[in-house]
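So the structure is just underneath, and the comments pick up after that.
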Amino acid sequence: MKLGILDYAPIDEDATTSEALRASTRLVQLAERLNYSRFWVSEHHGIEAMASVSPEVLIAHLASATSRIRIGSGGVMLPHYSSVKVAENFKTLAALNPDRIDLGFGRAPGANPRLSTALNDEKSGLLPYPQKVADLLGFLTGGHGADSQYRGVSASPDAGSLPLPWVLGASGSTAELAATNGMGFTFAHFINAGARGPRAAEQYRRDFRPSAFLAEPAVIAAVFVAVGKDETESADLADAFHLWLSHAEGASPFPRIPSLERTRNHKWSPMELAARERNQGRVIAGTAAQVAQSLRDLADSYGTDEVMINPMMPGEHRRAAALESLAVEFSLSRLGATPLAEAIAQP
């Protein structure tokens, strides 16, 4: 089984944005040494506690700080941007880092309504999402549909290495889109826990068509984790996660990731407790052995051999310790330096 990482570049209490980005750089370097499969960065706008705003810029930096691990976006919020510009950005990244770049994209805004408007203020209207995806793939490969206004147009540069596109899904509605276009499919179990994700993965495999990107279907399930050295610390880390999430979903998000000290001294309101109960399935918490077993169970439910974890825990040292302890549980060093399955089609 392979493990990947989704990183929000969380900003801890008493830390700066620059320190958070440096922490993410150290985290990806650790992940590479431990033979994690891939390291993706998010796109969140207007959230003070997260430093990952521009995935293309951060990917370029993280790729230059590593040599083997796949680096990607989790993901670019495609409706905001020109498909050809996204294709150009990621083809450039792939040219600089052959066979290492993942292009994960989704249709969620990743921003509040005012910022969403700002990201789209030069557009007269938004194209339908399937059309945006078709244009993006056409610009990547040069193979637009027969009725496309962009027939014969491809994005530069052409260096013989393409980014591997992944559709990010949170409801299951995009599983068919990923399948019919031969892309990878990642389900955000950390947004929608339960049976919806496994059903979407099953539909994706059933409808999958080989493409220039993948010869066989590829599924990743993504989930938050809170890994402690013992059950007491695990419970504290789960508390910190739920305290952060209960505010992140509301009108008063924390400007930084709450520390364990703040969490232990916090008096939970009825609203916070209700949010905690509602969000229980979005995080896997426990010791490394307990979390590893839950991740195996999650992978089995999705019928996949790869899970992506988001260690949304306070403290860089705790996030690093989680990666190290899970690497031991999964014997990641045996996986080798090129974890991407033979499913990738050869050019």
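The values are calculated or read from the model by the stated rules, or taken from the named source; none is laboratory data. All figures in this text were calculated on a predicted structure; none of them were measured in a lab. Methodologically, a virtual Cβ is constructed for each residue, glycine included, from the backbone with ideal geometry; neighbour enumeration extends over all protein chains shown. Surface areas here come from the heavy atoms of the whole protein model, side chains and all, with no ligands, DNA or RNA. Shrake-Rupley method; radii C 1.70, N 1.55, O 1.52, S 1.80 Å.
Annotations for the structure displayed:
- Filtered residues of the range 54-113 (kept if open to solvent by 60 Å² or more (accessible area, probe 1.4 Å) and basic (Lys, Arg)): Arg68, Lys85, Arg107
- In the range 326-343, the qualifying residues are those that are open to solvent by 50 Å² or more (accessible area, probe 1.4 Å) and not in a loop (DSSP other than H, G, I, E, B), and the one that is modelled with the lowest pLDDT is Leu335.
- Checking the stated criteria, Pro165 turns out to be modelled with pLDDT of 95 or more and surrounded by 20 or more Cβ atoms within 10 Å (Cβ to Cβ).
- Residues that are open to solvent by less than 50 Å² (accessible area, probe 1.4 Å) and of a type in the set (Ser, Thr, Tyr) were ranked within the range 280-318; the one that is farthest from Leu245 (Cα to Cα) is Thr304.
- Odd one out for Leu323 among (1) open to solvent by 20 Å² or more (accessible area, probe 1.4 Å); (2) under 19 Å from the mean Cα position of the chain (by Cα): (1)
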